[in-house]
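Colleague: Below you'll find the structure I mean.
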Amino acid sequence: MASLPSIPTENKLRLVSRATHLKEIGLKNLFLVCACVAVAGVLLIFAFVGLRGWPAFAEVGPWSFLSGTEWNPTDGIFGILPLIWGTVVVMLGALVIGTPLAVGTAVFLSEIATPRVRAIVRPAVELLAGIPSVIYGFFGLIILRPIVANFTDGLGFGAVTAWFILAIMIVPTIATLSEDALRSVPPGIREASYAMGATTWQTIYKVLIPAAKIGIIDAIILGMGRAIGETMAVLMVVGNAPVFPESIAAPIATLTTQIVMDMPYAAGMHRTALFGMAIVLFLASMGLVALVRLMSRFQTSIESGR
Amino acid sequence: MKKNIANAIALTLLWIAAIVTVAVLGTVILYVFVNGIGELTPKFIFTWPEGVAAEGGIWPTIVSTMYVTVLAMVIVTPIAILAAVYLAEYAVQGRLVNTIRFAADSLASVPSIVMGLFGLALFVEAAGIGFSMLSAALALSFLMLPIVMRTTEEAIRAVPKYIRWGSYGLGATKWQVVSRSVLPASMPRIVTGIILATGRAVGETAVVIYTMGQAINLPITLFDSGRPMTVHLYLLAMEGINLPAAYGTALLLMILILTFNLGARYFLRRNRKV
């Protein structure tokens, strides 16, 4: 086969003056540098939080730091398992309460709401995301905590109060992303289901939710990330005791809240351990993002294989 | 008809989910509004906190919040827009673009407390800037960067191809196409994205508490420390000594955020081109 004549490149074409050409190249590189600021940001966080926190892993020992069951900085005992446990308990409870609410709202928005109702609910969901966490915390502290205290025999500081507050806070994340996933299901699939005589509900749970499954799971994972990283709102309602709680209404602490509680006075190894906890949080949130990306790549490969 | 009953029950539950979501928002807003409205006097807004229980006003905290937010916006806007221009107009799909997107997604999900400690370690301590408006604004700009980048990229991608073809047809270079046709067409959505990210920065607490400090101070230069409204509200609420001032601060904060959010929406509806 005869080789094709070489395609003239931008340089050889000379459609513009050399100065203009150089300017175009220069601008392109400037934009590339700006885009790389995001990468630089992640690397800087790694470097600076990592450098400060690494000795916590090195000197306490990675295993005894992560799985130590006692957090007692004044005696030099740095085990963050109670805090990891607190984080997981608070996150799971919030997911159990928040996910049905959020996915329900998403299904409502994409399948049931008339445009007029949608015009109220959709902005409301977005506004929920805009309210600062310190206001949620304040609301939880003043309103929710006494209610919880009435039903349990404590002061209302504990996981239960945090569950409800966090559940509200992760609703916007999960609901908007799930709604996007549901909306991207081709309308033909819906119509086929209705044409077979299915009710709206049958169409939703037999056709739409399976079709949008991966998108909804992504949304829940990102909601999880939000719940793990949330600081101020949780801080104001969990009671801040770095122990394994006796009940779901007893005071606990999470990784994020313990950092805020201890930072004002921590020094030396204690401070290092707090940065070590920040490394754990950072890696956890990056891990969840990586998981979402892997899943969407998996989904693309399924679809292209069809 | 069994399936119709199931259908009716399920649809009712979905309605309830949506109603609960809206009701929660309504409750939070109404609660803060009802309790805080009595506090919002010119004296509260324009005077300084005094005494152990922070009686009086919250003026320095309002100035600190505004100062740091505007500064962060000024820092992040050019970088984020140009980065988005690269991703949407110049980049060829490949490993580099994947890395940039992964980094932006990671940055968007970094817990705010981690961002706060990062700002403390890098800007306050290593760079020697100290607790200051500049440190806080730099840390906040890393938080805003992925948000503005994403909304800007979506805005640019929504500009129809034929607008670009028209420009190229007239002999424009790539930069001329981008700067004269694409960016002006997508500007309303870009501005909306910036306003929304700014609203996020106003409500941020954990980042600024470790980069700005907590001292009640009226910031003048970039290197002055201060106490933003969110931190003030947190301290008042946790100490529990001056709840009226906490309600007033919460309401003012809420009004600011709602203004940003609703303002962004209104602006977009008025100016939407693509």
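Colleague: Out of (1) out of contact with any Gly (no Cβ under 7 Å at 6 or more places or on another chain); (2) at the interface with chain B (Cβ under 9 Å from one of its Cβ atoms), what's the single condition that is false for A:Gly53?
Modeller: For A:Gly53, the exception is condition (1).
Colleague: Just checking, which of A:Val148, A:Val134 is farther than 28 Å from B:Thr12 by Cβ and in contact with a helix residue (DSSP H, G or I) (Cβ under 9 Å, 6 or more places away or on another chain)? Break it down stepwise before answering.
Modeller: Values: A:Val148 fails: farther than 28 Å from B:Thr12 by Cβ.
Criteria check complete, one pass: A:Val134.
So that you can scan it fast, the table gives a plain yes or no per residue for (1) within 30 Å of B:Met238 (Cα to Cα); (2) of a type outside the set (Phe, Trp, Tyr); (3) at the interface with chain B (Cβ under 8 Å from one of its Cβ atoms); (4) surrounded by fewer than 18 Cβ atoms within 10 Å (Cβ to Cβ):
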site	(1), (2), (3), (4)
A:Ser193	no, yes, no, no
A:Lys206	no, yes, no, yes
A:Lys213	no, yes, no, yes
A:Val238	yes, yes, no, no
A:Glu246	yes, yes, no, yes
A:Pro251	yes, yes, no, no
A:Leu281	yes, yes, yes, no
A:Met286	no, yes, yes, no
A:Arg297	no, yes, no, yes
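Colleague: Continuing with the same structure: I'm checking my understanding of the structure. Among residues of the range B:90-107 that are in contact (Cβ under 8 Å) with a residue 12 or more places away in the chain and at the interface with chain A (Cβ under 8 Å from one of its Cβ atoms), which one is nearest to the chain's Cα centre (by Cα)?
Modeller: Filtering the range B:90-107 down to residues in contact (Cβ under 8 Å) with a residue 12 or more places away in the chain leaves B:90, B:100-101, B:104-105, B:107.
Next, from what is left, pick out any that are at the interface with chain A (Cβ under 8 Å from one of its Cβ atoms): B:90, B:100, B:104-105, B:107.
Working: B:Tyr90: 27, B:Ile100: 21, B:Ala104: 16, B:Asp105: 16, B:Leu107: 14 Å.
Across the range B:90-107, the extreme among qualifying residues is B:Leu107.
Colleague: If you check A:Gly223, A:Gly215, which single one turns out to be within 27 Å of B:Leu107 (Cα to Cα), within 19 Å of the chain's Cα centre (by Cα) and touching a residue at least 40 places away in the same chain (Cβ under 8 Å)? First the steps, then the outcome.
Modeller: Working: A:Gly215 fails: touching a residue at least 40 places away in the same chain (Cβ under 8 Å).
After applying the criteria, what remains is A:Gly223.
Colleague: How many residues does the range A:149-161 hold that are touching a strand residue (DSSP E or B) at 6+ places or on another chain (Cβ under 8 Å) and buried (at least 24 other Cβ atoms within 10 Å of the Cβ)?
Modeller: 2
Colleague: Only one of B:Val110, B:Val76, B:Val63, B:Val148 is within 18 Å of B:Val231 (Cβ to Cβ), out of contact with any strand residue (DSSP E or B) (no Cβ under 7 Å at 6 or more places or on another chain) and aliphatic (A, V, I, L, M). Can you tell me which? Outline the logic, then answer.
Modeller: Details: B:Val110 fails: within 18 Å of B:Val231 (Cβ to Cβ); B:Val76 fails: within 18 Å of B:Val231 (Cβ to Cβ); B:Val148 fails: within 18 Å of B:Val231 (Cβ to Cβ).
Within the list B:Val110, B:Val76, B:Val63, B:Val148, the selection yields B:Val63.
Colleague: What are the pairs, 6+ residues apart or on separate chains, where a residue within the range B:247-274 that is at the interface with chain A (Cβ under 7 Å from one of its Cβ atoms) has its Cβ under 8 Å from a residue that is acidic (Asp, Glu)?
Modeller: Sorted first by the residue in the range B:247-274, then by its partner, the pairs are B:Asn261/A:Glu126.
Colleague: Moving on to the next point. Working carefully through the options A:Ala58, A:Ala47, find the one that is closer than 30 Å to B:Gly94 by Cα, part of a helix (DSSP H, G or I), out of contact with any Phe, Trp or Tyr (no Cβ under 6 Å at 6 or more places or on another chain) and free of Cβ contacts under 8 Å to residues at least 40 places away in the same chain. So that I can check it myself, show each step before the final result.
Modeller: Numbers: A:Ala58 fails: closer than 30 Å to B:Gly94 by Cα.
When all the criteria are applied, what remains is A:Ala47.
Colleague: Of everything in the range B:168-181 that's over 22 Å from B:Ala83 (Cβ atoms) and part of a helix (DSSP H, G or I), which residue is nearest to the other protein chains (Cβ to nearest Cβ)?
Modeller: Among residues in the range B:168-181 that are over 22 Å from B:Ala83 (Cβ atoms) and part of a helix (DSSP H, G or I), the one nearest to the other protein chains (Cβ to nearest Cβ) is B:Tyr168.
Colleague: Given the options B:Ala158, B:Ala250, name the one that is of a type in the set (A, V, I, L, M) and buried (at least 19 other Cβ atoms within 10 Å of the Cβ). Step through it out loud before you land on a result.
Modeller: Values: B:Ala158 fails: buried (at least 19 other Cβ atoms within 10 Å of the Cβ).
Exactly one of B:Ala158, B:Ala250 is of a type in the set (A, V, I, L, M) and buried (at least 19 other Cβ atoms within 10 Å of the Cβ), namely B:Ala250.
Colleague: Go through B:Ile113, B:Ile19, B:Ile29 for me and flag whichever is assigned by TED's automatic domain parsing to the domain that holds B:Ser141 and on the phi < 0 side of the Ramachandran plot.
Modeller: Result: B:Ile113 is the single residue among B:Ile113, B:Ile19, B:Ile29 that is assigned by TED's automatic domain parsing to the domain that holds B:Ser141 and on the phi < 0 side of the Ramachandran plot.
Colleague: So which residues in the range B:1-60 are hydrophobic (A, V, I, L, M, F, W, C), more than 8 Å from chain A (Cβ to nearest Cβ) and touching a Pro at 6+ places or on another chain (Cβ under 8 Å)?
Modeller: Passing the criteria: B:Trp48, B:Ile58.
Colleague: What is the residue count in the range B:184-224 for residues that are more than 12 Å from every other protein chain (Cβ to nearest Cβ) and of a type in the set (A, V, I, L, M, F, W, C)?
Modeller: 12
Colleague: Let me ask something else about it. Let me spell it out: the conditions are (1) surrounded by 21 or more Cβ atoms within 10 Å (Cβ to Cβ); (2) more than 21 Å from the chain's Cα centre (by Cα), and B:Arg164 meets all of them except one. Which number is the exception?
Modeller: All conditions pass for B:Arg164, except number (1).
Residue-wise test of (1) out of contact with any helix residue (DSSP H, G or I) (no Cβ under 6 Å at 6 or more places or on another chain); (2) free of Cβ contacts under 8 Å to residues at least 40 places away in the same chain; (3) part of a helix (DSSP H, G or I); (4) buried (at least 20 other Cβ atoms within 10 Å of the Cβ).
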| residue | (1), (2), (3), (4) |
| --- | --- |
| B:Thr61 | no, no, yes, yes |
| B:Met66 | yes, yes, yes, no |
| B:Leu71 | no, no, yes, yes |
| B:Tyr86 | no, yes, yes, yes |
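Colleague: Tell me which residues, restricted to the range A:111-148, are buried (at least 16 other Cβ atoms within 10 Å of the Cβ), of a type in the set (Gly, Ala, Ser) and free of Cβ contacts under 8 Å to residues at least 24 places away in the same chain.
Modeller: Matches in the range A:111-148: A:Ala113, A:Ala124, A:Gly130.
Colleague: Give me the residue from the range A:48-63 that is small (Gly, Ala, Ser) and surrounded by fewer than 15 Cβ atoms within 10 Å (Cβ to Cβ) and, out of that set, farthest from B:Asp105 (Cα to Cα). Explain how you work it out, then say what you get.
Modeller: Taking the range A:48-63 and keeping what is small (Gly, Ala, Ser), we get A:50, A:53, A:56, A:58, A:61.
Add one more test, that the residue is surrounded by fewer than 15 Cβ atoms within 10 Å (Cβ to Cβ), and what stays is A:58, A:61.
Details: A:Ala58: 29, A:Gly61: 31 Å.
Result: A:Gly61.
The values are calculated or read from the model by the stated rules, or taken from the named source; none is laboratory data. Treat the numbers as computed from the prediction; the structure is a model and nothing was measured. Virtual Cβ from ideal backbone geometry, glycine too; neighbours counted across all protein chains shown.
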